[in-house]
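**Student:** One structure coming up, written as structure tokens, with questions to follow.
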Amino acid sequence: MLPPALALASLLLTCGCGSGGSEAPAATESTAAQPQAATEQTQATDTANAAPVKPRGRNEVWTDDNGQKWFGNVPMDAFFDQPYEVASNTTATGSAPAADSQPAGEMPAEAVAATTPTAEPAAPTPDTPSTPSTPETPPTTAAADSWDQLIPLTDLDEEIKSIRNFMQETVSSVGNYNSSMTMIPPKVATLAALAEVARKQQESVSWKDDAAYVRNLAKKMNESPLQRGPKDHKRLQELFEGVSDILNRSKPAGLEEPPAEDSFAESAEMRSLMKRMEDAEKTLKTEIGSADALGSRKAMALHEAAILSVLAKIVTEPGYGYGDDAEFKGYGTSIVEAGQSIRAAAEAGDFAGFETAMSKVATTCQNCHSKYKND
């Protein structure tokens, strides 16, 4: 049996060299052409110079006198050492590495850059004047006659505490109640009115969520004329204890739900509020008679002026019967402004300004009373 290499060679010779066979692959002819030509030349020379050569078989392996091995008439060096590996190798020959390849029709990046015309820089455009920014709108402040401006939270809280202390002393006994009975209506009317103001203010007292209960309890204290004796004393005492508990942040259980909305007129009688305004004017007039007194009693002046202004605004609110009366509302506005002027004078230590504002209060009250006091 022939070795595999010789068997493959025999097959190649059979397919490519026999008459009438198909053409051998171009690669095989190219590979064997040069050695075969050299061999034929050598054979011709040897034939001319040597003795006749013994005929060799087609598949015979033999060695000539020069040591050259042959397979039939084909020298052995025409065959590959590992024919099976060569036959199974499908790598294309003569191809350049992929990294060096350049697609047909494309130019290297450097060439493209060199041939691409450089764009001329755009002509500078004239500076466009910038649109001035819109100035920020300053935060809105409360109106001059808003509840927060008319009576600051500290003054409202101070007035409530003053009324509370007065009522606590008054209802402590029947005797105290009887002796202070006429002073109660202006106090509790002011309490009811300021409780409603507390609900409307932007600033918050600690009891703001329950201010409607305070307003309603104070309203009940004045719902009928007070009578001397233990009966009204006890009724007033029970109502005040509810107010006191609420101010202490301990609202009693079972309290009657107050109306969701109750006007000032439904909670506080105008006559009682006017009495508190009158007391404020008298206090300012009697307690502050000089620049020194204005300086030493500044806090009191600020407080009484705030009470004067806020109550003057309240009595011009709808429900009191003068909502459409421009003259009455004008008097009320004049008192509001005078009260604010008193506060400004007290802050600045301006006694002359204080006296001017007090004169305005007196004149306005006199003119108003001359027309409306008996209504």
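**Student:** Taking the alpha carbon gyration tensor of segment 148-267, what are the square roots of 5 times its eigenvalues, largest first, to the nearest whole Å?
**Tutor:** They are 23, 15, 13 Å, listed from largest to smallest.
**Student:** Here is a follow-up. If Lys and Arg each add +1 and Asp and Glu each add -1, what is the summed charge of the other residues whose beta carbon sits under 13 Å from the beta carbon of Ser179?
**Tutor:** Taking every Cβ under 13 Å from that of Ser179, the sum is 0.
**Student:** Compute the FRET efficiency between Lys234 and Thr363 as 1/(1 + (r/R0)^6), taking r as their Cβ-Cβ distance and R0 = 56 Å, and round to the nearest 0.05. Walk me through the numbers on the way to the answer.
**Tutor:** Values: r = 45 Å, r/R0 = 0.80.
So, using R0 = 56 Å, E works out to roughly 0.80.
**Student:** Report, please, the projected area of segment 270-372 averaged over directions, based on the convex hull of its C-alpha atoms, in nm². Before the final figure, lay out the partial values.
**Tutor:** Numbers: hull surface 22.9 nm².
Mean orientational projected area (segment 270-372, Cα hull): 5.7 nm².
**Student:** Here's another thing I want to ask about it. What distance in nm separates the two pseudo spin-label positions at Asn73 and Thr154, each 7 Å out from Cα along the beta-carbon direction?
**Tutor:** Reported label-point gap for Asn73 and Thr154 is 13.3 nm.
**Student:** Okay, moving on. Determine, from the Cβ-Cβ distance of Ser250 and Ser370 and an R0 of 51 Å, the FRET efficiency 1/(1 + (r/R0)^6), rounded to the nearest 0.05.
**Tutor:** Between Ser250 and Ser370 the formula returns 0.60.
**Student:** Could you point to the residue in Ile151, Pro258, Ser244 farthest towards the positive end of segment 148-267's charge dipole, with +1 and -1 charges on the Cβ of Lys/Arg and Asp/Glu respectively?
**Tutor:** Ser244
**Student:** Using a Förster distance of 35 Å, how high is the FRET efficiency between Lys285 and Asn178, based on the Cβ-Cβ distance and rounded to 0.05?
**Tutor:** E between Lys285 and Asn178, to the nearest 0.05, is 0.70.
**Student:** On to the next question. Which of the pairs Lys187/Lys219; Lys220/Lys282; Lys208/Lys231; Lys200/Lys360; Lys161/Lys200; Lys187/Lys371 have their Cα atoms more than 23 Å apart in this structure?
**Tutor:** Over 23 Å Cα-Cα: Lys220/Lys282; Lys208/Lys231; Lys200/Lys360; Lys187/Lys371.
**Student:** Which order do the peptides 349-355, 194-200, 166-172 take when ranked by the mean count of other beta-carbon atoms within 10 Å per residue, highest first?
**Tutor:** Per-residue mean Cβ counts within 10 Å order the peptides as 194-200, 166-172, 349-355.
**Student:** Could you compute the net charge surrounding Asp350? Neighbours are other residues with a C-beta less than 12 Å from the C-beta of Asp350; K and R count +1, D and E count -1.
**Tutor:** 0
Since every read-out is calculated from the coordinates, none of them should be taken as a lab result. Quick caveat: nothing in here was measured; it's all calculated off a predicted structure. All Cβ positions, glycine included, derive from the backbone under ideal geometry; neighbour counts span all protein chains shown.
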